[in-house]
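Trainee: Pasting a structure below so you can have a look.
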2 protein chains.
Amino acid sequence: MPELRLNLVTKEWVIIATERAKRPEDFKISREKKETPSFVDTCPFCPGNESKTPDEVFRVSDGNQWKIRVVPNKFAALNRDIERIRTNDGYRHTVSGFGVHDVLVETPVHNMATALLPLDHVAMIIRAYLKRFAELYSDPRIGHVIIFKNHGAGAGTSLEHPHSQIIGTPVTPFQIRDRVEEAIRFFDLTGECLICKTIAEEKKDSTRIILETGHFISFIPYASLSPFHTWIFPKRHAATFSEITETEIVDLALNLKTTLAKFYYGLNNPDFNYVIRSNRTKDARLEHSHWYISIVPRLSMTAGFEMGSGMYINTAMPEASAEFMRKVKVPQQP
Amino acid sequence: MPELRLNLVTKEWVIIATERAKRPEDFKISREKKETPSFVDTCPFCPGNESKTPDEVFRVSDGNQWKIRVVPNKFAALNRDIERIRTNDGYRHTVSGFGVHDVLVETPVHNMATALLPLDHVAMIIRAYLKRFAELYSDPRIGHVIIFKNHGAGAGTSLEHPHSQIIGTPVTPFQIRDRVEEAIRFFDLTGECLICKTIAEEKKDSTRIILETGHFISFIPYASLSPFHTWIFPKRHAATFSEITETEIVDLALNLKTTLAKFYYGLNNPDFNYVIRSNRTKDARLEHSHWYISIVPRLSMTAGFEMGSGMYINTAMPEASAEFMRKVKVPQQP
């Protein structure tokens, strides 16, 4: 029997379509194993091709070789060198395209994946996110910062070399405000942070948890919007990513890498997006709102129904998907 | 210089990414012309295979041959034969999967397209939508009805035979409420229906109009969310699709068919979704809210940025796309 579940965080109804449901293993990607080389001469992110990117914002180095580079996106959606100008004639509301659009090259190795990187390298990436997050918000013209990764062509990237993107927009998106408003409503009704409450409920239930580490918990939400849609929540209440401590960074590296490795081995390296959903640095210490990471493997497609309603049809049972993920064995690595 | 534009109807910011912008003709689909037969023996929607679908809800016939069939979806996301039961333990909010999920087979001809159908056949489809829309809303357990079409594999359909879907859900989606709320805010500020205001502004500006017929106007919104994202608005204020008159149905058939034919010929039959966005029948005569049709050709992909922010990056200038569409010649047909 199908069931509708309400995602309290996104305020979206999800139809868990049991009549169409697939087994977790049915989501395994069956594509050919393609051998990708570790270096590609024409790749702008491979070592030796540094001149093919705009001038570096910063790099993380270890002796002679860089480990991570942050560079302006050559095909930036926003322009950091113009004024932020708002206009409004009562109908047309515009802002000039001021903003920052960086690329974070995650590793010199072309055919690497987060799932396969050493733990300390994943921690380095998180530290680089954090540095750039703080820098962007130090500019009062930036309304919101979005840190995200598109992995694979099906997740919207054309460049294979592992990279993330950091975009600072000149406005705060309405969707962000809406979700904070919903969190405030929940707080006003219950006196609890909705995310803290979610963590408590998910731990009590335990059927949807993928991995709990010292400071983070990854799980498939009760009303996950799509198959294997996964959240990683910091267990300590914190409104913004900028509040993360060094101990928590190391633990997040472990949780993120292991969760992605479970996708990599369990579902055969599916395309995915992840995004850090956080309030602004100046919203630190808000009691009702809590930052987190959302991971969306591209295992299904949204169509007219989702577009027209903002509801979702999910053909995977969250509990069965989580059980499958818990059982995926990840080889030990440095 | 990139520019951010606010879509007042969806309340989403769109980055019109001029630095990445493509010319309208660059969006033309370059796939191989595949010859599809007009009849496929294994297709459940082809004539002679009527027994492969669940029992018909109704059909539109012309003598012996049916023209349109409405049947329950064999792989329905919702179940029309169960009770609607809501539960809520303060955290888990559920509704049993009661609801209606129909398929509307648009024509007996397997390789047909809306763009190529005779006008009176398109009008017949709209009348069938309207009939089912009213029937579904006559059940007080139905919270919302979504009528949509997925055309092509890239738009989420696995069945090639032309069909639409009609889903009646047991709840009213939050996204629908949110947009109505925004429309009310606009009405309270200005005393005008936002859609009526949009029509007036788009007619005054005229650069984004694709086609104006007697009762409808199709155009690329000022802040269109994706390349060639198109809206068809009824020019007369009406809160719900159920208020459409017979004269307006005939005119909508002309506008919808011609607009889709411009996609078909101008962009080489792209995959697309369309959806009728309407209030419920009982919301008829609301002064602040106005039904319409949204068409989304699948010419780009959303990724981490859109997921994480609810903002969009559009690489097509709405004005250039509309100019291109206006110029597309559509062969005369019956």
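Trainee: Between the label point of residue A:205 and that of the same position in each other copy, find the distances and list them shortest first in nm, with every label point placed 7 Å from Cα along the Cα-to-C-beta direction.
Mentor: 4.4
Trainee: Cβ under 15 Å from residue B:141's Cβ, residue B:141 left aside: what net charge do those residues give with Lys, Arg +1 and Asp, Glu -1?
Mentor: Around residue B:141, the charge tally is +1.
Trainee: Additional query: With each run of n ≥ 4 DSSP H residues scored as -39500 (n - 2.57), what mean residue ellipticity at 222 nm is computed for chain A after dividing by its residue count and rounding to the nearest 500 deg cm²/dmol?
Mentor: -8000 deg cm²/dmol
Trainee: What relative contact order, as a whole-number percentage, does the range A:222-334 give when Cα pairs under 8 Å and 6 or more residues apart are counted?
Mentor: Relative contact order, the range A:222-334: 43 percent.
Trainee: Over the range A:152-264, with a single point scatterer placed on each C-alpha, what log10 of the ratio I(q)/I(0) does the Debye formula yield at q = 0.14, 0.16, 0.22 1/Å?
Mentor: -0.77, -1.00, -1.46
Trainee: Here's another thing I want to ask about it. Between copies, how close do the residue B:189 label points come, placed 7 Å along Cα→Cβ, listed in nm from shortest?
Mentor: Distances between equivalent label points, in nm: 2.8.
Trainee: Along its principal axes, what span do the Cα atoms of chain A show, with the longest given first and each in whole Å?
Mentor: So the extents along the principal axes, rounded to whole Å, are 57, 55, 41.
Trainee: List the relative contact order of chain B as a percent without decimals, with contacts defined as Cα pairs under 8 Å and 6+ residues apart.
Mentor: 22 percent
Trainee: When chain A is treated as a GNM, springs tying every alpha-carbon pair under 10 Å, which of A:105, A:70, A:40 comes out with the largest mean-square fluctuation?
Mentor: Among A:105, A:70, A:40, the largest mean-square fluctuation in the Gaussian network model of chain A belongs to A:40.
Trainee: For B:218-228, what's the mean count of beta carbons from other chains sitting within 10 Å of each residue's beta carbon?
Mentor: 1
Trainee: What is the average number of partner chain Cβ atoms found within 10 Å of a Cβ in A:92-102?
Mentor: Counting other chains' Cβ atoms within 10 Å and averaging over A:92-102 gives 5.
Trainee: Same structure, new question: Across peptide A:199-205, what mean number of C-beta atoms from other chains lies inside 10 Å of a residue's C-beta?
Mentor: 1
Trainee: Next question. Less than 12 Å Cβ to Cβ from residue B:120, Lys/Arg counted +1 and Asp/Glu -1: what total charge do the surrounding residues give?
Mentor: +2
Trainee: State the percent of C-alpha pairs, over all pairs in the protein assembly as shown, separated by a distance greater than 35 angstrom.
Mentor: So the portion of pairs separated by more than 35 Å is 43 percent.
Trainee: Which residue, B:230, B:190, B:207, has the most motion in a Gaussian network model of chain B that connects Cα atoms within less than 10 Å?
Mentor: Among B:230, B:190, B:207, the largest mean-square fluctuation in the Gaussian network model of chain B belongs to B:190.
Trainee: Select from A:32, A:306, A:56 the residue whose mean-square fluctuation is largest in a Gaussian network model of chain A (Cα-Cα springs shorter than 10 Å).
Mentor: Greatest mean-square fluctuation among the candidates belongs to A:32.
Trainee: What does the charge count around residue A:8 come to, taking other residues whose C-beta lies under 11 Å from its C-beta (Lys +1, Arg +1, Asp -1, Glu -1)?
Mentor: Every neighbour counted, the sum reads +3.
Trainee: Another question, if that's okay. Out of the trypsin sites (Lys or Arg not before Pro) in the range B:304-333, which ones are loop residues according to DSSP with at most 11 other C-beta atoms within 10 Å?
Mentor: B:329
Trainee: Residue B:23 label points, 7 Å along Cα→Cβ, one per copy: pairwise distances from this copy to the rest in nm, shortest first?
Mentor: 5.3
Throughout, read-outs are computed from the coordinates displayed, never taken from laboratory work. These figures come from a predicted structure and were not determined experimentally. Every residue, glycine as well, gets a Cβ built from its backbone with ideal geometry; the counts of neighbours run over all protein chains shown.
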